[in-house]
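The values are calculated or read from the model by the stated rules, or taken from the named source; none is laboratory data. On a predicted model such as this, the values are computed, not experimentally measured, just so you know. Neighbour counts are summed over all protein chains in view; Cβ atoms, including those assigned to glycine, are modelled from backbone coordinates with ideal geometry.
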Amino acid sequence: MQEIEVAQSLGIEVNPYEIDEKGVLLSSDGNLLLMDKNTGSLTIPDSVTAIGEGAFANLEGLKTVIIPGTVKRIETNAFRNNKDLERVIMKEGVEYIGVSAFQECTNLKTVEMANTINEIKGQAFYFDTSIENINLPASLTVIEGYVFCGCKSIKNIETLEGIKEIKSNSFRDCSNLQKVKISSTVSKIDGTAFNRCPSLNEIEIADGNKYFKFTNGILLGNDNTEMIIILESAVVGNRFVIPNTVKKLFDNQIDGLKNVTVIEIPASVESLSGNFITASITEVVIDKSNPNYESDGKMIYTKAENNKELVKYYANEDNVIVDKKIKSIKSYAFQGKNLKTIQLPETLEKIEGQAFGQCSNLKKLSLGTNIKSLNNMSIYNSGIEEIEFIKDSNGNTNPNYSIINGALYNKDGTVFISPIKPLETIITYEIPKGVKEIADHAFHNQNKMTSIKIPETVEKIGGSFNYCSALESIEIPKSVKQISTSCFTNATNLKEIKINQKQGSIPGSPWGCMYGDKAVKWE
């Protein structure tokens, strides 16, 4: 890139375009020179059929992008994290916007989308906090998950005729969203699609839509078995009574409701996420005829005697003893609680993701020999600094897991599962020799970690370094044969991935790295 800039300064004509045989404008330093530095504008050449993964991510000074109709696809992370970007114009002919393509372009106000666009992938406009209006393309049939999540300047949403489905968390955290109009063609809306939209106070259902009903402050869907949107008007005093037709309770559905401390769950509920019950809830009343769930005044359990599960702990004690009948602790079961100690039964077999999330005062877990499934994320974002496996009465240890030098491994020590360290406590880390695999989420959101050393024995790396935002460079040893396509997702400052192998020897490059292939330095 430096050589091209020098040549241009001397008046020598240089074509910086790097386009592959299929017409994809690649992620390269040279292609960054397409931007006019004086105006901050970027016009994509007509010869381009696709904008490559991470091609213009984090490009300082970029203000306006014009994309011609010859460009059919805008790939993953293509314009991500461009804080100066104000306007994007997509001409007729553009068909596809990839995952996180314009994520965190926080100054982006105007997006003109071509009506030919038929697919917008998840998180495409995630936390673009300045966007005020959305013109959904006429060809679009599905609004994917997290597409407009965090777009807090949006006040109104109108789904066009032709939209059939709105997926999970599509408009979550749109804090100023006031009105939603649902067209006649929408037949499915995920129960999390409009979570945490506290300003939402008006819902309009178009004539001819037979799939949704708005009653008593609740938008019901799927034959009245799912709550889609819950307004403040659905709460009476401090009590929220769930309609007796509802079968599923989803994550975060009542997060936006103020002053709710009591929840009444009817006999009809068949599926209940632990993350449905918020930190403010002090009382849960479950209909005694409910065949699936029960509460003892502190916890919600499943009723299956042979496989009893702890779904949610909602009391506020310092010390907790879990019933001996419990075989499984569900996701988010203790999230956000101030407990200091917890006594788990020997019968326990499974702990799911984020079971102890945000339990900052909990420092230690003692587990038995029956643990068969310990989710990588079970202690994520907790205060836990120590896990011990207790021998049974016959002197046996856990046959599935081991603790070596303060980290969790599979029994033979070949799979590194997780360091047992709270977030923001790891600065540098060295994985020991002998490890063959680094598991998914092993270092998830260790956002203070600046360096990681991987031994020559490692052959496989999972989605292991998501959200490691302080990590700027990583070296991959010659022994590695496989890297997950999501390995470096949201590692927003990772600008260099050193691969001690020939180019293309590990498939899937750039493995979720925001900067695309220009960050990957092969041997």
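So which residues in the stretch 341-371 are among the basic types (Lys, Arg) and surrounded by 15 or more Cβ atoms within 10 Å (Cβ to Cβ), if there are any at all?
As a first pass, look at the stretch 341-371 and keep what is among the basic types (Lys, Arg): 350, 363-364.
Within the stretch 341-371, Lys350 is the sole residue that qualifies.
Here is a check on your reading of the model: is Ser469 without any contact (Cβ under 8 Å) to a residue 40 or more places away in the chain and either of a type in the set (Ser, Thr, Tyr) or in the same structural domain as Gly30 (by TED's automatic domain parsing) (or both)?
Judged against the criteria, Ser469 is a match.
Considering each residue of the stretch 293-307, count those that are surrounded by 18 or more Cβ atoms within 10 Å (Cβ to Cβ) and in contact (Cβ under 8 Å) with a residue 12 or more places away in the chain, and give that number.
Selection size over the stretch 293-307: 4.
Any idea which of (1) surrounded by fewer than 21 Cβ atoms within 10 Å (Cβ to Cβ); (2) farther than 23 Å from Trp522 by Cα; (3) not small (Gly, Ala, Ser) is the one Gln446 doesn't satisfy?
(1)
Sort out for me the strands (runs of 3 or more DSSP E) sitting completely within the stretch 439-523 that have 2 or more residues that are within 18 Å of the chain's Cα centre (by Cα).
none
Quick check: anything in the stretch 235-249 touching a Leu at 6+ places or on another chain (Cβ under 6 Å), over 21 Å from Gln178 (Cβ atoms), of a type in the set (A, V, I, L, M) and surrounded by 17 or more Cβ atoms within 10 Å (Cβ to Cβ)?
Yes - at least one qualifying residue is present in the stretch 235-249.
Whether any residue in the stretch 319-328 is in a loop (DSSP other than H, G, I, E, B), buried (at least 18 other Cβ atoms within 10 Å of the Cβ) and at pLDDT 95 or above is what I want to check.
Yes, the stretch 319-328 contains at least one residue that is in a loop (DSSP other than H, G, I, E, B), buried (at least 18 other Cβ atoms within 10 Å of the Cβ) and at pLDDT 95 or above.
Mind listing whichever residues of the stretch 414-423 are surrounded by 15 or more Cβ atoms within 10 Å (Cβ to Cβ) and part of a loop (DSSP other than H, G, I, E, B)?
Ile420, Lys421, Pro422, Leu423
Name the pairs: first residue in the stretch 196-222 and more than 24 Å from Thr278 (Cα to Cα), second residue small (Gly, Ala, Ser) and in a strand (DSSP E or B), Cβ to Cβ under 9 Å, at least 6 apart or on different chains?
Here the result reads Tyr211/Gly221; Phe212/Gly221; Lys213/Gly221, each pair linking the stretch 196-222 to a residue that is small (Gly, Ala, Ser) and in a strand (DSSP E or B).
Across the stretch 140-174, which residue is farthest from Leu257 (Cα to Cα) among those that are of a type in the set (Ser, Thr, Tyr) and modelled with pLDDT of 95 or more?
Thr141
Kindly provide the set of residues from the stretch 57-75 that are free of Cβ contacts under 8 Å to residues at least 60 places away in the same chain and either under 16 Å from Thr489 (Cα atoms) or in the same structural domain as Asn490 (by TED's automatic domain parsing) (or both), ordered by number.
Once the filter is applied, which keeps residues that are free of Cβ contacts under 8 Å to residues at least 60 places away in the same chain and either under 16 Å from Thr489 (Cα atoms) or in the same structural domain as Asn490 (by TED's automatic domain parsing) (or both), the stretch 57-75 yields only Glu75.
Within the stretch 424-438, how many residues are in a loop (DSSP other than H, G, I, E, B) and either buried (at least 17 other Cβ atoms within 10 Å of the Cβ) or in contact with a Cys (Cβ under 6 Å, 6 or more places away or on another chain) (or both)?
Counting residues in the stretch 424-438 that are in a loop (DSSP other than H, G, I, E, B) and either buried (at least 17 other Cβ atoms within 10 Å of the Cβ) or in contact with a Cys (Cβ under 6 Å, 6 or more places away or on another chain) (or both) gives 3.
Given the options Ser382, Ser393, name the one that is closer than 27 Å to Asn338 by Cβ and either part of a strand (DSSP E or B) or not charged (D, E, K, R) (or both).
Ser382
So which residues in the stretch 475-523 are of a type in the set (Lys, Arg) and closer than 19 Å to Pro455 by Cα, if there are any at all?
Matches in the stretch 475-523: Lys478, Lys481, Lys498, Lys502, Lys521.
So that you can scan it fast, the table gives a plain yes or no per residue for (1) β-branched (Val, Ile, Thr); (2) at pLDDT below 95; (3) closer than 18 Å to Asn216 by Cα:
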position: Pro243; (1), (2), (3): no, no, yes
position: Lys247; (1), (2), (3): no, no, yes
position: Asn252; (1), (2), (3): no, yes, no
position: Ile263; (1), (2), (3): yes, no, yes
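Yes or no: Lys152 among the basic types (Lys, Arg), over 20 Å from Asn58 (Cβ atoms), surrounded by fewer than 21 Cβ atoms within 10 Å (Cβ to Cβ) and in contact with a strand residue (DSSP E or B) (Cβ under 8 Å, 6 or more places away or on another chain)?
Judged against the criteria, Lys152 is not a match.
Kindly check whether there is at least one residue in the stretch 207-221 that is among the aliphatic types (A, V, I, L, M) and closer than 25 Å to Ser130 by Cα.
no
Can you spot a residue in the stretch 151-173 that is closer than 13 Å to Ile205 by Cα, part of a loop (DSSP other than H, G, I, E, B) and of a type in the set (S, T, N, Q)?
Yes; the residues of the stretch 151-173 include at least one that is closer than 13 Å to Ile205 by Cα, part of a loop (DSSP other than H, G, I, E, B) and of a type in the set (S, T, N, Q).
Being within 29 Å of the chain's Cα centre (by Cα) and surrounded by 15 or more Cβ atoms within 10 Å (Cβ to Cβ) is the filter here; which residues of the stretch 200-213 pass it?
Leu200, Ile203, Tyr211, Phe212
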